[in-house]
Amino acid sequence: MGTGKRLTQYALQFKSVIIWGLVFLSVAVAADLAAPLIAMEIIDEHIATATGGIEFGPIAQLLALFFGLSIVTAVFRYLQYILLQKGANRIIRKMRTDVFEQVQRLPISYFDNLPAGKVVARITNDTEAIRELFVTVLSQFATSFMYMTGIYVALFYLDWRMAAIAFVLVPILYGWMLIYRKYASNFNHIVREKVSEMNAMINESIQGMSIIQAFRREKQMKEEFEEINQKHFKFQQKLLVLEAAASHNMVGVLRSMIFVLFIWYFGGGSMSGNTIVTVGVLYAFVDYIIRLFNPISGIVNQFSRLEQALVASERVFHLLDRPGEPVSDERVERYRGNVRFEKVWFAYKDEEYVLKDLSFEAKQGETVALVGHTGSGKSSIMNLLFRFYDASKGQILIDGVNVNDLPRQAVREHMGIVLQDPYLFTGTIESNISLGDERVSREKAEAALAAVGGERVTKHLPKGIDEPVVEKGSTLSSGQRQLVSFARALAFDPAILILDEATSNIDTETEEIIQHAMDVLKKGRTTFIIAHRLSTIKNADRILVLDRGEIAESGTHDELMEHDGIYRQMYRIQSGMTSTQNVG
């Protein structure tokens with residue numbers, strides 16, 4: 001379906017407001033365009049033909065009508081403006097909501113290669129350009145087309161030959177629009193793409209400012225940004241030249257052409273005696289032709305915004321057309337927590353498998369630890385369990401049910417996760433634990449925080465659990481953020497708990513608090529621990545040692561230490577490092 005049709009579909013959702021706006025606009029246009037006819041009537045019937053003196057009574061009535069129509073024009077133009085603007089704002093509100101909802105439905109894989117800044121540009125910049133389409137461009141086009149239609153009707157009423165000559169403006173205007181769009185479309189695609197790239201780079205620079213400054217990469221980042229900015233500037237300049245030619249030069253040429261034809265037609269006819277033109281008709285013709293170029297200028301001046309909006313619409317609809325899954329409200333009963341991987345293969349790209357023929361089981365209440373070198377596939381297992389991605393081959397079962405047979409949201413309902421680098425949202429500590437879920441009361445949030453040693457978070461904060469949290473929780477220490485993240489996971493009482501490097505960024509004292517809390521919290525839950533610190537998983541029921549996507553070893557800590565394998569080597573290295581550090 002074309003971009004224009006899809007924009008029309010959005011508009012039709014609010015057709016009542018828009019239709020009434022157009023009705024009021026048509027009334028305003030009709031009232032406004034009646035003014036020259038009234039002036040013609042006054043001049044020809046009551047001034048030019050007056051022989052025994054001018055009768056002011058009829059003229060006063062016509063002037064009163066003239067003034068009344070001007071009031072009607074003002075009132076109805078005001079009403080149509082309010083209604084069309086209201087309709088336009090409703091359309092954009094709906095579109096922005098749809099785009100944001102679509103982002104929630106997209107799989108995690110979509111964001112792997114797409115910078116956050118580009119996604120933000122689609123939701124904000126591009127929809128703002130579309131808002132300009134509905135708020136300004138279409139309103140101007142509707143007004144201009146109605147005025148042009150009314151003016152041509154009046155011109156044909158006055159003199160069809162001259163009206164026919166003036167009508168040549170329509171194909172010229174249409175042809176110019178096609179030529180303009182041919183070049184402007186390419187320029188606008190590049191301009192909007194460069195805006196997205198700049199947004200992405202700015203976002204990335206802000207997120208990584210400490211690294212940029214620490215490694216003195218400010219100059220390099222400036223040069224990279226300037227390269228993108230320069231290309232954006234180059235094509236903006238090309239658009240500027242194109243728009244200048246369209247909005248000023250063309251309209252001036254057309255205006256001169258029509259007035260030359262007008263003088264030639266009426267002047268030649270009067271001199272030859274073939275055409276007699278009254279003063280009133282001449283006044284009306286001049287008035288209407290002057291008025292005709294206002295809507296023409298309005299249309300031509302909106303070419304650039306129209307093209308920008310259409311290009312932005314293509315980008316937004318491209319995002320909306322990405323395959324995604326609707327957010328499901330389906331509920332499933334709380335898991336018992338039996339998890340089984342059966343011959344699972346998984347690749348992020350094509351057939352570059354990061355997990356190969358993986359089979360293992362975690363029974364209810366067990367703690368299973370996953371260890372291995374970087375890239376061995378530990379985090380990929382968690383990604384599949386949460387259905388951030390789906391297995392390429394094989395199946396994953398929870399309590400005997402294939403996770404692919406359930407909506408993604410239902411699969412995650414009874415799971416909790418704590419990441420290595422916990423993400424906190426703008427709000428308060430309490431809102432970061434409950435995430436706005438009504439099922440997590442304030443008391444439950446406080447209890448969850450207390451269970452993981454939350455006094456370490458709140459005792460130094462003036463407002464306690466109501467302490468404001470800025471984006472990413474940058475005002476809290478890494479240990480405090482991790483404890484809030486633990487409390488968040490525990491407040492939802494998950495049947496399956498995943499700890500992804502959850503203790504790697506915290507100090508030894510905090511780690512002891514969390515380990516103590518976990519001993520209590522693991523009861524009745526199936527817990528997966530991805531850990532670099534092997535000392536934290538010594539009590540796990542089973543340890544899976546991964547190597548290049550395969551299970552190289554499996555057993556308890558004591559069993560694995562009896563064999564001279566990967567786990568024993570890793571543990572000795574870490575123990576040696578610890579001893580060296582202690583000696584120092």
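Which helices (runs of 4 or more DSSP H) sit wholly inside the range 418-492 and have at least 2 residues that are of a type in the set (A, V, I, L, M) and modelled with pLDDT of 80 or more? Reasoning before the result, please.
Values: elements: 429-434, 442-451, 455-458, 478-491.
In the range 418-492, the matching helices (runs of 4 or more DSSP H) lie at 429-434, 442-451, 478-491.
Pairs under 7 Å by beta carbon, first residue farther than 19 Å from THR426 by Cα in the range 450-467, partner among the aromatic types (Phe, Trp, Tyr) and open to solvent by less than 60 Å² (accessible area, probe 1.4 Å), six or more apart or different chains?
Note: pairs meeting the criteria are VAL452/PHE486.
Every residue in the range 294-332 that is more than 28 Å from the chain's Cα centre (by Cα) and of a type in the set (Val, Ile, Thr), please.
Going through the range 294-332, the residues more than 28 Å from the chain's Cα centre (by Cα) turn out to be 294-300, 331-332.
Passing the criteria: ILE296, ILE299, VAL300, VAL332.
Name the residue that is least open to solvent (accessible area, probe 1.4 Å), counting only residues in the range 200-244 that are among the charged types (D, E, K, R) and not in a helix (DSSP H, G or I).
Filtering the range 200-244 for residues among the charged types (D, E, K, R) gives 204, 216-219, 222-224, 226-227, 231, 234, 238, 243.
Retained after the next criterion (residues that are not in a helix (DSSP H, G or I)): 216-217.
On the way: ARG216: 191, ARG217: 107 Å².
Among residues in the range 200-244 that are among the charged types (D, E, K, R) and not in a helix (DSSP H, G or I), the one least open to solvent (accessible area, probe 1.4 Å) is ARG217.
Quick one: in the range 386-440, which of the residues that are of a type in the set (Asp, Glu) and closer than 18 Å to GLY473 by Cβ is farthest from the chain's Cα centre (by Cα)? Outline the logic, then answer.
From the range 386-440, those of a type in the set (Asp, Glu) are 390, 399, 405, 413, 421, 430, 437-438; that's our starting set.
Now narrow it down to the ones that are closer than 18 Å to GLY473 by Cβ: 421, 430.
Numbers: ASP421: 25, GLU430: 28 Å.
Checking each candidate, the answer is GLU430.
When you go through ALA60, ALA39 one by one, which is the residue that is open to solvent by 30 Å² or more (accessible area, probe 1.4 Å) and either in contact with a strand residue (DSSP E or B) (Cβ under 6 Å, 6 or more places away or on another chain) or in a helix (DSSP H, G or I) (or both)? Even if it seems obvious, please write down each step before you answer.
On the way: ALA39 fails: open to solvent by 30 Å² or more (accessible area, probe 1.4 Å).
From the options ALA60, ALA39, the qualifying one is ALA60.
Could you please let me know if GLU55 is at pLDDT below 90 and either of a type in the set (S, T, N, Q) or over 57 Å from the mean Cα position of the chain (by Cα) (or both)? It would help to see each step written out before you state the result.
Details: at pLDDT below 90: yes; either of a type in the set (S, T, N, Q) or over 57 Å from the mean Cα position of the chain (by Cα) (or both): yes.
Taking the combined requirement at face value, the residue satisfies it.
Filtering the range 408-439 down to residues that are open to solvent by less than 70 Å² (accessible area, probe 1.4 Å) and of a type in the set (D, E, K, R), which residue is nearest to GLU361 (Cα to Cα)?
Per the criteria, the residue is ARG412.
Could you check SER579 against (1) at pLDDT 90 or above; (2) farther than 27 Å from ASP421 by Cβ and say which number it fails?
Looking at each condition in turn, SER579 falls short on (1).
Suppose we keep only residues that are over 43 Å from the mean Cα position of the chain (by Cα) and in contact (Cβ under 8 Å) with a residue 24 or more places away in the chain within the range 158-199. Which one would you say is most open to solvent (accessible area, probe 1.4 Å)?
Once the filter is applied, the top-ranked residue is ARG161.
Yes/no per residue for (1) among the aromatic types (Phe, Trp, Tyr); (2) assigned to a helix (DSSP H, G or I):
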residue: VAL103; (1), (2): no, yes
residue: SER109; (1), (2): no, yes
residue: ASN113; (1), (2): no, no
residue: GLY117; (1), (2): no, yes
residue: PHE134; (1), (2): yes, yes
residue: SER144; (1), (2): no, yes
residue: LEU155; (1), (2): no, yes
residue: LEU173; (1), (2): no, yes
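Search the range 534-578 for residues being hydrophobic (A, V, I, L, M, F, W, C) and assigned to a strand (DSSP E or B), and hand back the single one that is surrounded by the fewest Cβ atoms within 10 Å (Cβ to Cβ).
First, pick out the residues of the range 534-578 that are hydrophobic (A, V, I, L, M, F, W, C): 534, 537, 540, 543-546, 551-552, 560-561, 566, 570, 573, 577.
Filter once more, so that each one left must be assigned to a strand (DSSP E or B): 543-546, 551-552.
Values: ILE543: 23, LEU544: 22, VAL545: 22, LEU546: 25, ILE551: 20, ALA552: 14.
In this case the residue turns out to be ALA552.
Confirm whether ASP405 is open to solvent by 40 Å² or more (accessible area, probe 1.4 Å), in contact (Cβ under 8 Å) with a residue 12 or more places away in the chain, of a type in the set (D, E, K, R) and out of contact with any Leu (no Cβ under 6 Å at 6 or more places or on another chain).
Numbers: open to solvent by 40 Å² or more (accessible area, probe 1.4 Å): yes; in contact (Cβ under 8 Å) with a residue 12 or more places away in the chain: no; of a type in the set (D, E, K, R): yes; out of contact with any Leu (no Cβ under 6 Å at 6 or more places or on another chain): yes.
Here the answer is no, as ASP405 does not meet what is asked.
Please pick out the residue among ILE92, ILE82 that is touching a Lys or Arg at 6+ places or on another chain (Cβ under 7 Å), open to solvent by less than 80 Å² (accessible area, probe 1.4 Å) and part of a helix (DSSP H, G or I).
Working: ILE82 fails: touching a Lys or Arg at 6+ places or on another chain (Cβ under 7 Å).
Result of the check over ILE92, ILE82: ILE92.
Among the residues of the range 110-125, are any farther than 30 Å from SER196 by Cβ, of a type in the set (Val, Ile, Thr) and open to solvent by less than 40 Å² (accessible area, probe 1.4 Å)?
In the first step, residues of the range 110-125 are kept if they are farther than 30 Å from SER196 by Cβ; the result is none.
Scanning the range 110-125, I find no residue that is farther than 30 Å from SER196 by Cβ, of a type in the set (Val, Ile, Thr) and open to solvent by less than 40 Å² (accessible area, probe 1.4 Å), so the answer is no.
Report, ordered by the first and then the second residue, all pairs with beta carbons closer than 9 Å, sequence separation of six or more or different chains, a first member in the range 517-532 that is in a loop (DSSP other than H, G, I, E, B), and a second member that is modelled with pLDDT under 85 and of a type in the set (Gly, Ala, Ser).
ALA531/ALA502; ALA531/SER504; HIS532/SER504
Go over the candidates ASP44, ASP98 one by one and state the one that is part of a helix (DSSP H, G or I), among the acidic types (Asp, Glu) and surrounded by fewer than 17 Cβ atoms within 10 Å (Cβ to Cβ). Step through it out loud before you land on a result.
On the way: ASP44 fails: surrounded by fewer than 17 Cβ atoms within 10 Å (Cβ to Cβ).
ASP98 is the lone residue from the list that is part of a helix (DSSP H, G or I), among the acidic types (Asp, Glu) and surrounded by fewer than 17 Cβ atoms within 10 Å (Cβ to Cβ).
The values are calculated or read from the model by the stated rules, or taken from the named source; none is laboratory data. None of the values given here were measured: they were computed from a predicted structure. All Cβ positions, even for glycine, are placed from backbone atoms using ideal geometry, and neighbour counts span all protein chains on display. Just so you know, the surface numbers come from the protein's heavy atoms only, side chains and all, with ligands and any DNA or RNA stripped out. Shrake-Rupley method; radii C 1.70, N 1.55, O 1.52, S 1.80 Å.
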